[in-house]
Amino acid sequence: SHIYKKNHDVTKTWRGKTEQLLRVDDHDFTMRPAFGGPAIPVGVDVQVESLDSISEVDMDFTMTLYLRHYWRDERLSFPSTTNKSMTFDGRLVKKIWVPDVFFVHSKRSFTHDTTTDNIMLRVFPDGHVLYSMRITVTAMCNMDFSRFPLDSQTCSLELESYAYTDEDLMLYWKNGNESLKTDEKISLSQFLIQKFHTTSRLAFYSSTGWYNRLYINFTLRRHIFFFLLQTYFPATLMVMLSWVSFWIDRRAVPARVSLGITTVLTMSTIITGVNASMPRVSYIKAVDIYLWVSFVFVFLSVLEYAAVNYLTTVQERKERKLRERFPCTCGISHSKTMMLDGNYSESDANSLAGYTRHQVVPEEEKQEKMVVHLAMSNESNSSRKRGLKGHVGLRIIQNTHAIDKYSRLIFPGTYIFFNLIYWSVFS
């Protein structure tokens, strides 16, 4: 059988309370240690437990951390033969002096209290004190979105004494750069945490004086892949889709107009969706440049067809006026080819032979010329069937306006050149 040794309960040997051992009632703990003398040094170290969220709209971040203070208060020294420290919870904190450190530019903060207040106080026999708290704080972070979403943000959590100037209390990082420790499992969905580091400097207030201020700085770099899928790729595809109208017949008005309007409305939706999740800043972001340039390309494709349609209408109007002013009587080689089923009138035969009704032609000559023309029509029809595919391609080229031909090269080339400049500047 196992033999268990019962731990010695030292509280049974004490004849007084903890307050009497630390002589809490014998001193005025509303005053700082060594009041009237030099500034009391208070060392600080921080362990970051989690970086909970980064909000671009509110321009703030939320962090959970363990904040620890180290100082010496001779009034709390006590005799000890083992030189061991005593550990207390938050109930003793209300009866002794502790540094009044607060978070500058914080919006919300609280000390965790489940299941009890997450506060620990450890007192050593020589009067050294360790004061530790678990805190969640939401603080302001001034972000610059001029390169969004290809940006990096640097945020700071600032600690400072509220009442004591640098003449009474000197805050410092206890172990220099080693005073800040982070959990290796800290990760964010949209950001890559590049580094944490500490700094310190004096802060001046015109009404109260100089204060020691400590900074917890961390640099975040935004993940770009999400925005490539949700913003850049759809915008690029919409621009490329607008180029399809350059290959559609210029007489297909409904097809080209509907395609242009659809791409314009889709680009407007993408721009609205991106700006809805961003603060209303007064400067231009990198994503705004890309989206608005893409929108301009889509809009210009609509204007391009408007110009093609207008110039085509003007050209057809001029040709119609020329035909009305100079009526053309063509010979056999230039006459229209018609497919007849054998039933034709005299006027049809005369038109096929290249004559008008006002011309007097003998009946025999009419029949001879008609037979010759029908033979030519049969030969042309057979050759037309053999080269049908070639004629379809030729007809598409002939129905293409010169502006469409140039647009097929200018629009893609210009957009590719813009992308090369954009990604070389912002990436």
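Remarks
- The HIS197 and LEU237 beta-carbon pair, evaluated with R₀ = 56 Å, returns a calculated FRET efficiency of approximately 0.85.
- Scaled against the 2.2 N^0.38 Å expected of a compact globular protein of N residues, the Cα radius of gyration of the range 165-292 reads 1.85.
- Label-point separation in nm, PHE299 to VAL314, each point 7 Å along Cα→Cβ: 2.3
- The count of lysine pairs in the range 40-222 whose Cα atoms are under 22 Å apart, excluding pairs fewer than 8 places apart on the same chain, comes to 5.
- Label positions at ARG122 and SER80, each projected 7 Å from the Cα along the C-beta direction, are separated by 1.0 nm.
- Each Cα pair under 8 Å and six or more residues apart adds its sequence gap; the mean of these over the residue count of the range 198-300 is a relative contact order of 25 percent.
- For the range 40-222, the share of accessible area belonging to carbon and sulfur comes to 47 percent (1.4 Å probe, ligands and nucleic acids excluded).
- The Cα center of the range 78-103 and the Cα center of the range 253-294 differ in position by 60 Å.
- Residue separation of ARG221 and VAL253 scaled by 0.36 nm, minus their Cα-Cα distance, works out to 6.8 nm of gained length.
- √(5λ) per eigenvalue of the Cα gyration tensor, the range 40-222, largest first, Å: 32, 19, 14
- The range 222-241 and the range 184-212 have their alpha-carbon centroids 34 Å apart.
- Förster radius 56 Å - calculated FRET efficiency between ARG147 and ASP25 (Cβ-Cβ, nearest 0.05): 0.40
- Only protein heavy atoms count here; under a 1.4 Å probe, ILE416 has an accessible surface of about 100 Å².
- The relative contact order of the range 40-222 comes to 27 percent, based on Cα pairs under 8 Å that sit 6 or more residues apart.
- Accessible area per residue, Å², the range 40-222 with all protein chains present, probe 1.4 Å: 50
- With a Förster radius of 51 Å applied to the C-beta separation of ILE421 and HIS112, the computed FRET efficiency comes to 0.50.
- Here the gap between LYS185 and ILE284, fully extended at 0.36 nm per residue and compared with their Cα-Cα distance, gives a gain of 32.1 nm.
The values are calculated or read from the model by the stated rules, or taken from the named source; none is laboratory data. Owing to the predicted nature of the structure, the values given are computational and were not obtained by experimental measurement. Because the Cβ atoms are built from the backbone with ideal geometry, glycine has one as well, and the counts that use them run over all protein chains shown. Side chains are part of the model used for accessible areas, which takes the heavy atoms of the whole protein and leaves out ligands, DNA and RNA. Shrake-Rupley method; radii C 1.70, N 1.55, O 1.52, S 1.80 Å.
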